[in-house]
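Every read-out reported here was derived from the displayed coordinates using simple, explicitly stated rules and does not represent laboratory data. In this text the structure is predicted, and so the values were computed from the model without any measurement. When we count neighbours, we look across all protein chains shown, and the Cβ atoms used for this are built from the backbone with ideal geometry, even at glycine.
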Amino acid sequence: MRAKNELIELYDSLAILYALLPGETDPEWKLALKSVLYGGELLAEGASCYGEQQNKRNRGTRKEYVQQHGNGERVTEFSAITVAKPRAADREYVPPGAVLPVAPVSGEVLPVKVSKSEVDRALSLLAEFPAEPAADRPGEGVDVLLDPVRVRKARQSTGLEDAVDGEVRVLFVSDTHLGYENRTVTESGKTVPWIDEVDSAAAFTRIVEIAIERGVHAVIHTGDMLDHEVDRGRLSIAADELRRLSDAGIPMYCIIGSHDRNSYAPQDSGSMNGIAWLQRQVAKGTLVELSTNPTPVAGGSLDAYGISAGNTGIDEVAMFKSLAWDLSEIGFGLASPGPNVLCLHDSITPFRNPSNAEIDLDQLLARSDVSFDCVLVGDEHSPKDNDFENGYSFETTTGTPVLYTGPSVRISKAYRDRDAFVTELSISSTGVTATRHAI
């Protein structure tokens with residue numbers, strides 16, 4: 001017997017629902033169902049309707065499936081999705097014994113007759129279904145089913161946003177500078193007087209331990225994972241730790257900093273090509289590089305974006321682009337309805353004064369079509385004015401939180417008598433809370 005198929009079951013049950021809609025149903029609800037089934041303007045950009053996916057992603061036919069799991073016309077034995085009897089208000093429109101799909105997060109059965117005042121809730125429920133349901137063949141990696149702008153508006157108006165988005169906990173890490181100790185050998189770069197106390201590999205290991213102990217959903221690294229001269233031994237330790245983190249089900253997302261870039265062409269014979277190492281970790285799936293397109297964090301509601309130092313990604317370092325970049329180069333891909341976070345590794349306002357900042361953050365956010373709930377920044381090795389209570393936390397002129405966590409190793413004078421730390425963030429549609437963990 002053919003294995004269960006989420007795509008066929010969703011297509012079939014939604015097609016039944018669409019066929020049952022009474023004439024007085026709100027037109028936008030009809031359009032939403034039509035968009036999901038057959039294509040239409042409420043489908044998210046880049047998403048394919050379920051009908052088109054049926055033809056591309058299933059080896060067998062729907063007819064064969066309903067013969068095995070139904071009455072020859074419709075699926076009646078659902079094993080891949082949850083179905084339920086219709087709402088009491090909808091029973092007059094639904095034949096006896098018929099069932100309708102249940103929204104996978106909220107657990108509510110989809111409505112049939114939807115008034116104008118109910119359409120936002122109906123759209124919010126429909127948006128819970130996957131953009132690419134499980135089928136015989138994999139999809140193209142699309143995560144958003146319906147127009148995210150319309151869905152966010154619907155969820156905000158109905159109060160479903162909190163229930164669907166929930167809270168995502170990430171460990172915010174920056175400037176681990178693996179190989180910093182090599183500066184005493186290579187004589188390249190400034191050093192702190194207590195460099196003999198620095199153990200960048202041990203700090204990296206401790207970060208992984210904290211992530212696992214705290215049970216966070218993900219780790220986000222905002223650049224300079226590597227120092228500009230990094231040896232094979234420390235890279236081997238870091239690779240093992242990334243694998244341990246991955247095995248624990250905790251992904252690490254990253255952008256790169258200026259020292260990561262410089263590790264592409266090390267000057268010392270004992271150093272390795274750090275960029276090539278980063279590329280291998282990405283290829284193995286133990287590291288995920290962020291970009292100006294949204295990346296769902298741990299498959300959840302939080303979308304992460306990133307701009308690496310100089311707006312240069314890992315695979316672009318070999319092009320030897322300038323570290324300078326212009327705001328006009330940036331265009332952010334449309335986000336899903338959940339919270340959104342932007343990661344940067346440059347000197348920016350409001351930490352820096354406009355006169356010595358590389359990027360004016362207010363201007364960058366003003367140009368963006370994406371509304372960011374939080375900005376996470378690397379690069380700075382000391383809190384502003386050496387104020388550890390307030391010098392790593394700021395707001396833009398429009399109130400967007402801007403957070404730093406500082407270096408993960410004690411590599412600036414401000415840390416002479418202080419432990420380095422990482423920051424656990426709880427991010428939801430209601431805001432961001434932060435908790436520090438010493439390394």
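Only lysine pairs 8 or more places apart or on separate chains count here, and in the chain those with Cα atoms under 27 Å apart total 26.
Rounded to two decimals, what is Rg over Rh for the stretch 6-155 when you use alpha-carbon atoms and the Kirkwood radius?
Details: Rg = 14.6 Å, Rh = 15.5 Å.
Here the Rg-to-Rh quotient is 0.94.
With Cα atoms defining each centre, the stretch 372-439 and the stretch 87-125 are spaced 45 Å apart in the structure.
For Met225, Met319, the sequence from fewest to most other C-beta atoms within 10 Å is Met319, Met225.
Given +1 at the Cβ of Lys and Arg, -1 at the Cβ of Asp and Glu and no other charges, the dipole of the stretch 285-409 around its Cα centre is 120 debye to the nearest 20.
Its relative contact order, with pairs defined as Cα atoms under 8 Å and 6+ residues apart, puts the chain at 13 percent. Relative to the Cα centre, the charge distribution of the chain, modelled as +1 at Lys and Arg Cβ and -1 at Asp and Glu Cβ, gives a dipole magnitude of about 1260 debye. Selection among Cys254, Phe351, Leu323 by position relative to the dipole of the chain gives Cys254 as farthest towards the positive end (Cβ unit charges, Cα centre). Projecting the Cα atoms of Gly300, Gly313, Val282 onto the dipole axis of the stretch 273-404, where Lys and Arg carry +1 and Asp and Glu carry -1 at the beta carbon, places Val282 farthest toward the positive end. Other residues within the sphere of radius under 9 Å centred on the Cβ of Leu42, judged by their own Cβ, net out at -1 (K and R +1, D and E -1). Each residue in Phe388, Phe372 was given a count of other beta-carbon atoms within 10 angstrom of its own, and listing them fewest first yields Phe388, Phe372.
When the chain is described by a simple charge dipole with +1 on each Lys and Arg Cβ and -1 on each Asp and Glu Cβ, the residue from Ala414, Ile220, Leu10 located farthest towards its positive end is Leu10. Once the Kirkwood radius over Cα pairs is known for the chain, the Stokes-Einstein relation at 20 °C and 1.002 mPa s delivers a diffusion coefficient of 90 µm²/s. Ordered by the number of other Cβ atoms lying within 10 Å of each residue's own Cβ, fewest first, Cys343, Cys49, Cys374 fall into the sequence Cys49, Cys374, Cys343.
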